1. Please go through segment 181-215 and pick out each residue that is among the hydroxyl-bearing types (S, T, Y) and either more than 21 Å from I15 (Cα to Cα) or more than 19 Å from the chain's Cα centre (by Cα) (or both).
2. Working only within segment 172-182, note down all residues that are outside any strand (DSSP E or B) and buried (at least 19 other Cβ atoms within 10 Å of the Cβ).
3. List the pairs whose first member sits in segment 126-142 and is surrounded by 23 or more Cβ atoms within 10 Å (Cβ to Cβ), whose second member is β-branched (V, I, T) and part of a loop (DSSP other than H, G, I, E, B), and whose Cβ atoms are under 9 Å apart, counting only residues at least 6 apart or on separate chains?
4. Please tell me if F160 is surrounded by 23 or more Cβ atoms within 10 Å (Cβ to Cβ), part of a helix (DSSP H, G or I) and not acidic (D, E).
5. Are any residues in segment 228-245 loosely packed, with under 11 Cβ neighbours inside 10 Å and part of a helix (DSSP H, G or I), and if so, which ones?
6. Could you pull out the residue among A99, A104 that is of a type outside the set (D, E, K, R), modelled with pLDDT of 95 or more, within 18 Å of the chain's Cα centre (by Cα) and more than 30 Å from G256 (Cβ to Cβ)?
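The values are calculated or read from the model by the stated rules, or taken from the named source; none is laboratory data. Bear in mind that the values here come from a model prediction, so they are computed numbers and not experimental data. All Cβ positions, even for glycine, are placed from backbone atoms using ideal geometry, and neighbour counts span all protein chains on display.
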Amino acid sequence: MKCLKWGSKDQIATITIQRPPANALSSQLLRELSTVLDEIEAEPEIRVLIIHGEGRFFSAGADIKEFTTVDSSQAFEKLGRFGQDLFDRIEKFPKPIIAAIHGAALGGGLELAMACHIRLVSETAKLGLPELQLGIIPGFAGTQRLPRYVGVSRAAEMMFTSEPITGVEAVQYGLANHAYPEEEVFDQAHKLAQTIAKKSPVSINAVIQLLNCAKTENFYEGMKKEAELFGEVFISHDAKEGIQAFIEKRPPHFIGE
């Protein structure tokens, strides 16, 4: 792969974006990311995934130079739908995905991060959707996800002005979970991943489904889905193991069944 590398250890996979200097999201990078997700999803021993960037940035945005090679609205729409579908897959991925953000997550980089389940940022990171500065708009669902995290008014201000916010502000606004000094972000993401990896993959996947349901369904449809999964999870091997381990006062050993 030219744009990404990935590996796994102790049930945690790490995808590294390596497309210097800005880690721009080219079509090639997005295709590679789709392939990597296929490989990770097929590995049952992998419980959690971390995405981060090599070098100075998480990702400073889409590949603007690539835009100059596209000359029709249909082609741009196709590109937008491909990115939207890929990021929708990330949001619905059956294993938790943590974005470890340093330097900058701008444009497509922030759209990728917003699709992840959890975002950890460096205190000085810059996060924003500056597309209007170029006379274009976000195309990978940024206009839809950002208001869900920060509210419509703040999302409008961020996009209208093209001004980024800091990692500290991202936490204050609800866009990120925690902010750390830059040198600690990846280690903190790995520490969090270790904690999550100890949980049952069965119950983790159920919660991911319900979190997505909460975004798209009404409250009562969500409750119905929760009850269905509540019943399914309770008869799983992991649920029986977890309850027995609690009674026996020992750590549970979950196998994902």
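1. Kept after step one, since they are among the hydroxyl-bearing types (S, T, Y), are these residues of segment 181-215: 195, 200, 203.
If the condition is that a residue be among the hydroxyl-bearing types (S, T, Y) and either more than 21 Å from I15 (Cα to Cα) or more than 19 Å from the chain's Cα centre (by Cα) (or both), then S200, S203 are the ones that fit.
2. If we filter segment 172-182 for residues that are outside any strand (DSSP E or B), which is where we start, we get 172-177, 181-182.
Matches in segment 172-182: L175, A176.
3. Final answer for the pair search is L129/I137.
4. Details: surrounded by 23 or more Cβ atoms within 10 Å (Cβ to Cβ): no; part of a helix (DSSP H, G or I): yes; not acidic (D, E): yes.
In short, no.
5. Of the residues in segment 228-245, the ones loosely packed, with under 11 Cβ neighbours inside 10 Å are 231, 235.
The answer is G231, and nothing else.
6. On the way: A99 fails: more than 30 Å from G256 (Cβ to Cβ).
Exactly one residue qualifies, and that residue is A104.
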